[in-house]
Amino acid sequence: MAFAPMGPEASFFEVLDQHRASLLATLRRSGGETAGGGTRLASSSEVLGSIESVIQDVITSVARNEAPAFTIDNRSSWENIKFEDSVGLQMASHCTTRKIKSDSLKSVKKFALILKILSMIYKLVQSNTYATKRDIYYTDSQLFGNQTVVDNIINDISCMLKMPRISLHILSTSKGLIAGNLRYLEEDGTRVHCTCGSTAVAVPSNIQGIRNLITDAKFLLIVEKDATFQRLLDDSFCNRMSPCIMVTGKGVPDLNTRLLVKKLWDTFHIPVFALVDADPHGIEIMCIYKYGSMAMSFEAHNLTVPAIRWLGLLPSDIKRLNIPRDTLIPLTKQDQLKLDSVLKRPYVTCQPFWRREMEIMADSKLKAEIQALTFLSSDYLSRVYLPNKLKFGGWI
């Protein structure tokens, strides 16, 4: 199926096509992936059964005159995280746990809130309806106190039940945007036609519900920041590099943006690239898309795309392009701590080229935003830097 407008000649995409062939060959060697990938979603009866089992344990404890407690895997320690290059960061099978006790002043309120939200989830699943995390918060904002409390409890429940959040009928409000050569149907039948123009489409709130995805895109570009994403749209990057897809999570990606990137990879297996600032924060954001995070490690199979490659901005590009030192920014103490932390992550051992780039940054004690490229020309990023990287394979 053809999308308008037309981009470069077919020869422009030769290296990209070779990269895709290599990715597909790797998939075949590893047994491949099913379309839609990830962990199988739990059925409504399975979710209801799991919640009933948890409540039965509470009732049994009370009947024995024991204080009931919830046991949840501890996701705040790297000791409980295992790494596989093909999946990313996952919970270890035998990890330490923490207890949310009903007879402890420190945790009794959280215990009660977990019960309350479990009850709400049960009703949602039973009635086959959905709610956002925000909806849940506003059912009793005074009781919950703030949205973060609700978010953390929902993640704890998802981890405790060993079920992805979508199976619990809880949605997140999306902040991400998507543009380019892509069409799909939303769950309610709405037809969405993303374009290569200057206007992007909001990432859907129910990624599992979208279907009939159609694209002829040669690649997917993840853009760290909204400002860079908008600049690329304004510069008609999508038009000139068509067919392609661009996505931004506007900084640290929300769950839906990560789910969308994962769904696009599982469905089309096209090359996926990341464009982030040459700083520790940008590198960590790229790693979240590629390998996941410690906090969401229990749902890694639904969220990670290990095939992602780092397109830019590379610390080595700064010297190669002779970007003036006065356009660079000294690393703060916090930056240095973050960089040291990322260098110690288990996935860095299988990414020697990434490690070398981070060591260049550490040695120079300097970072650069993508906007530093405007020193070369106002549209250098969209007209020179990215096209050359894509044409000649300038990713790692």
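The values are calculated or read from the model by the stated rules, or taken from the named source; none is laboratory data. What you are looking at is a predicted structure, and each value in this text was computed from that prediction instead of being measured. No Cβ is skipped: glycine too gets one built from the backbone with ideal geometry, and neighbour counts run over all protein chains shown. Surface areas here come from the heavy atoms of the whole protein model, side chains and all, with no ligands, DNA or RNA. Shrake-Rupley method; radii C 1.70, N 1.55, O 1.52, S 1.80 Å.
Please compute the net charge surrounding residue 283, taking Lys and Arg as +1 and Asp and Glu as -1 over other residues with Cβ under 9 Å from its Cβ. Charge balance near residue 283 sits at -3.
The spacing between segment 347-396 and segment 254-310, judged by their C-alpha centroids, is 18 Å. Computed from Cα atoms, the angle from the helix 352-364 axis to the main principal axis of the chain rounds to 80 degrees. For the chain, a crude dipole built from +1 on the beta carbon of Lys and Arg and -1 on the beta carbon of Asp and Glu, taken about the Cα centre, is about 380 debye to the nearest 20.
When the convex hull of its Cα atoms is viewed from all sides, the chain shows a mean projected area of 21.2 nm².
The lysines whose alpha-carbon is closer than 23 Å to the alpha-carbon of residue 99, local same-chain residues fewer than 8 away aside, are 82, 109, 110, 116, 162. Two decimals is fine: what is log10 I(q)/I(0) at q = 0.18 Å⁻¹ for segment 177-392, from a Debye sum with one equal scatterer on every Cα and no solvent? With one equal scatterer per Cα and no solvent, log10 I(q)/I(0) is -1.35. Phi-derived couplings, Karplus 6.51 cos²θ - 1.76 cosθ + 1.60 at θ = phi - 60°, listed residue by residue for segment 239-252: 4, 6, 9, 4, x, 7, 10, 10, 9, 10, x, 6, x, 4 Hz, with x used for Gly and Pro.
Think of it this way: in the chain, 95, 159, 194, 244, 287, 350 stand alone, with no other Cys Cβ under 4.7 Å. Among beta bridges identified by DSSP and lying wholly in the chain, the antiparallel ones come to about 65 percent. If you take all other residues with their beta carbon under 13 Å from the beta carbon of residue 88, and give Lys and Arg +1 and Asp and Glu -1, the sum is +2.
In this simple spin-label model, placing a label point 7 Å from the Cα along the Cα-to-Cβ direction at both residue 22 and residue 64 gives a separation of 5.7 nm. Here the accessible area of the chain is 52 percent carbon and sulfur, with a 1.4 angstrom probe and all protein chains present.
Normalised size of segment 9-159, defined as Cα radius of gyration per 2.2 N^0.38 Å with N residues, equals 1.43.
Note on residue 333: aspartates and glutamates with a C-alpha under 15 Å away, same-chain residues under 8 apart excluded, are 279, 363. Note that segment 216-223 has calculated 3J(HN,Hα) couplings of 10, 4, 8, 7, 10, 10, 8, 10 Hz, one per residue in order, obtained from phi through the Karplus relation 6.51 cos²θ - 1.76 cosθ + 1.60 (θ = phi - 60°); glycine and proline are x. Between residue 196 and 180, the built amide H atoms are under 5 Å apart, and every one of these is 5 or more places off in sequence or on another chain. Between the helical axis of 280-291 and the dominant principal axis of the chain, each derived from Cα atoms, what acute angle in degrees is found, rounded to the nearest 10? Once rounded, the angle reads 70 degrees. Note on residue 130: accessible area is roughly 90 Å² with a 1.4 Å probe, heavy atoms of protein only. Residue 45 to residue 325: FRET efficiency via 1/(1 + (r/R0)^6), r the Cβ-Cβ distance, R0 51 Å, to the nearest 0.05? It comes out at approximately 0.25.
Helix 147-161 and the longest principal axis of the Cα set of the chain meet at an angle near 80°. All other residues whose Cβ lies under 14 angstrom from that of residue 381 are scored, Lys and Arg at +1 and Asp and Glu at -1, for a net of -2. Taking a quarter of the surface of the Cα convex hull of segment 337-381 gives a mean projected area of 3.9 nm².
For the chain, the 222 nm mean residue ellipticity estimated from helices alone, with every DSSP H stretch of n ≥ 4 adding -39500 (n - 2.57) and the total spread over all residues, rounds to -12500 deg cm²/dmol.
Think of a 1.4 Å ball rolled over the protein heavy atoms: the chain then has 46 Å² of accessible area per residue.
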